[in-house]
Amino acid sequence: MATLVAEKPVKTVQEDQAALLSAAMVPILAKAQNYAWGISGGSSLVASIYSRNSLEPADGGKPYAELWMGTHPSGPSRIQSDPSVTLSSFLDTSENAFTIGEKEVRGLPYLLKILSVGGALSIQAHPTRELAKTLHAQNPSAYKDENHKPEMAIALSPFQALCGFRDCNEIVKDVARVPEFADAIGRVEADEFVKSIKGSSDKAEALKKAFGSLMRQDEAQVTDCLKKLVQRLGKMEPEQKTPQDKTLNDLYAQYPGDVGCFAAYLMNKLDLEPNDAIFIGANEPHAYLQGECVEIMANSDNVVRAGLTPKFKDVDVLVEMLTYKDGPPEVMKGDVVKKNLKMYRPPCEDFQLEQVDLKKGESVKLDPANGPSMLVTISGDGIVAMSQKKNSASMPLYPGTIYYCQPKNVFHVTCTSESPLIVYRSNVNEKLIMESRSGSICTIH
C-alpha cells in the first residue's frame with residue numbers, strides 16, 4: 001500500500017512578498033522624553049506621534065519634548081512585536097555590521113529624534129570624541145558615553161534657535177549700546193574686547209576672554225545687570241528695541257537672573273522656515289528656542305551646559321571647548337535628488353536624512369541604503385512596498401509608524417491621503433564614507 005505524503009502548502013507570490021517585506025522593515029517603539037521645555041500633550045507633535053506609535057494616550061498635563069528612535073541606553077527603542085527586546089539587542093542577534101567602501105559600520109551610529117520645543121533649551125555644546133572620552137571618565141553621571149555628538153535639525157514648523165556667535169563687530173556695537181551687557185562682562189574685560197576687535201587682534205581669543213568673563217561673573221552682579229536692563233527695556237517704545245533686546249526679554253521671562261539671557265547679544269538668532277536645516281558640529285554653542293523639528297545626531301547624549309537651565313552647568317569646560325568662530329551659520333535647504341525627494345547631507349559620516357514629500361496618488365522610489373536606516377512618518381497617510389506591482393504586499397505609513405529598515409532593499413512610498421505624506425529616512429552618510437579611506441564608525445549599544 002502506497003504511503004501518502006502530505007504536500008507542503010505552496011506560498012502565493014503575495015505571501016512571499018509579505019514575508020520579504022516584514023523581514024526588511026521592522027516596526028519599532030520609540031521612547032518619549034518629558035523634559036520641562038517640551039510642549040504639553042494636547043499640542044505636541046511628539047505626543048501625537050508617540051501616542052499612535054505606542055497605542056497609549058498622551059498625558060495632556062505633561063510636556064512632551066523629544067521622541068528617541070535608536071539604540072542609546074538612555075532611551076532605547078524596542079521591537080513592536082516584542083517590547084521586551086530592544087533594538088540594540090535585535091541588532092546584536094541579526095546582521096550587525098555593514099561594509100561601505102573600506103569602512104565597517106557597526107550597529108546604529110546615529111540617534112534619530114523628533115523635538116517639540118515650547119521653551120528655550122540650555123546654552124550648550126557637544127564635545128569631540130576625544131573630549132567625550134575624557135569627560136565620561138571624569139564624570140560618567142553627567143556625561144553618559146564616550147561618543148561625539150554632531151547634530152542636524154530640520155524644521156517641521158517655524159523654528160527659532162540661537163546658533164554660533166554673532167559677528168564680533170556686531171557684538172562690539174551691543175557692548176557700547178547696552179551698558180548692562182558691558183557691566184555683566186566686566187567693564188575692563190568689555191573694553192579689552194572692543195579694543196581687540198577694533199584693532200584686528202585674534203578675534204577668537206578676544207571673544208573667548210569676553211565670553212569666559214561673562215559666564216564666570218558673580219551671580220549677584222549678573223542678576224542686578226539683568227534686572228536693570230529689563231526695567232530699562234520696559235520703558236522703551238517697541239520700535240526702539242532691537243531683535244536682540246526682544247530675545248533677551250523672552251529669555252528673561254523664562255529664566256530670570258540667568259546669565260544665559262545675555263546670549264541674545266552674543267549669538268546668532270535664526271528663524272527657520274519648515275524644511276530649513278542647520279548642522280551643528282562639535283564645540284559650537286547653540287540653544288533651540290521654539291518650534292518643532294526632526295533631529296539626527298551621532299549616537300550620544302553628551303551635553304555641556306552653561307546657562308538657561310536648572311541642570312548641571314560645566315562652565316569651565318564649555319568656555320574652554322568652544323571654537324569661537326563668529327558669523328552666521330549656513331542654513332541648509334536640502335538637495336533635490338528627484339521629484340518628491342530631498343537629501344540633507346551634513347559634513348560628518350555618522351548620518352544623513354532623506355525627506356519624502358508626496359501628494360495623494362504620488363509615489364517615489366527609495367534606492368537601496370547600504371547602511372542601517374529608519375523610516376518615520378511625520379504627517380499624512382500612505383503605504384510602503386518593495387514593488388510597484390498591483391496588489392504587492394505593503395506596510396502602512398501614518399504619524400506613529402517607525403520602521404528599522406534592513407540595508408540593500410528598494411522601497412516604494414505612495415501617498416493615499418488628501419493631506420501630503422511627509423516621511424524621513426535616516427542613514428549613515430554613504431557619500432562621505434566612500435570618500436574616506438579607512439577606519440570604522442563607533443557606536444554605542
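Details
- Simple rule: put +1 on each Lys or Arg Cβ and -1 on each Asp or Glu Cβ in the range 167-263, find the dipole, and look at LEU226, ALA176, GLY186; the Cα lying farthest toward the positive end is ALA176.
- Farthest positive-ward along the chain dipole, Cα basis, beta-carbon charges - from LEU248, PHE262, TYR35: TYR35
- Taking only the Cα atoms of the range 167-263, the radius of gyration and Dmax are 13.2, 38 Å.
- Mean Cα-pair separation over length for the chain, i.e. relative contact order, pairs under 8 Å, 6 or more apart, %: 23
- Remark: the range 167-263 carries a charge dipole of roughly 160 debye about the Cα centre, counting +1 on each Lys and Arg Cβ and -1 on each Asp and Glu Cβ.
- Given charges at Cβ of Lys, Arg, Asp, Glu: the chain dipole, positive-most of TYR403, ILE433, VAL413: VAL413
- The range 306-428 shape via C-alpha gyration tensor axes, a/c threshold 1.5: prolate
- Computed from the Cβ-Cβ distance with R0 of 41 Å, the FRET efficiency linking GLU239 to LYS198 stands at 0.90.
- Approximate spin-label separation GLN231-ALA19, in nm, with each point projected 7 Å along Cα-to-Cβ: 7.8
- Rg(Cα)/(2.2 N^0.38 Å) for the range 90-246, N = residue count: 1.44
- Placing +1 on the Cβ of every Lys and Arg and -1 on the Cβ of every Asp and Glu, with no other charges, gives the chain a dipole of roughly 540 debye about its Cα centre.
- Dimensions of the chain along the principal axes, based on C-alpha atoms and rounded to the nearest Å, stand at 107, 46, 39, largest first.
- Pairs of Cα atoms nearer than 8 Å and 6+ residues apart set the relative contact order; for the range 167-263 it is 26 percent.
- Listing HIS148, HIS412 from fewest to most neighbouring C-beta atoms within 10 Å gives HIS412, HIS148.
- Spin-label model distance (nm) - LYS339 vs THR416, 7 Å beyond Cα toward Cβ: 2.2
- Pairwise label distance in nanometres, GLU273 with ASN34, each label 7 Å out on the Cα-Cβ vector: 3.7
- Residue order for MET297, MET236, MET69, fewest other beta carbons within 10 angstrom first, comes to MET236, MET297, MET69.
- FRET E, pair SER74, GLN406, Förster distance 25 Å, beta-carbon r, rounded to 0.05: 0.50
- Multiplying the residue separation of ASP224 and LYS311 by 0.36 nm and removing their Cα-Cα distance gives an extension gain of 29.1 nm.
- For the chain, calculated [θ]222 nm from helices alone, where every DSSP H run of n ≥ 4 adds -39500 (n - 2.57): -8000 deg cm²/dmol
Coordinate-derived values only; no laboratory data. Owing to the predicted nature of the structure, the values given are computational and were not obtained by experimental measurement. Neighbour counts are summed over all protein chains in view; Cβ atoms, including those assigned to glycine, are modelled from backbone coordinates with ideal geometry.
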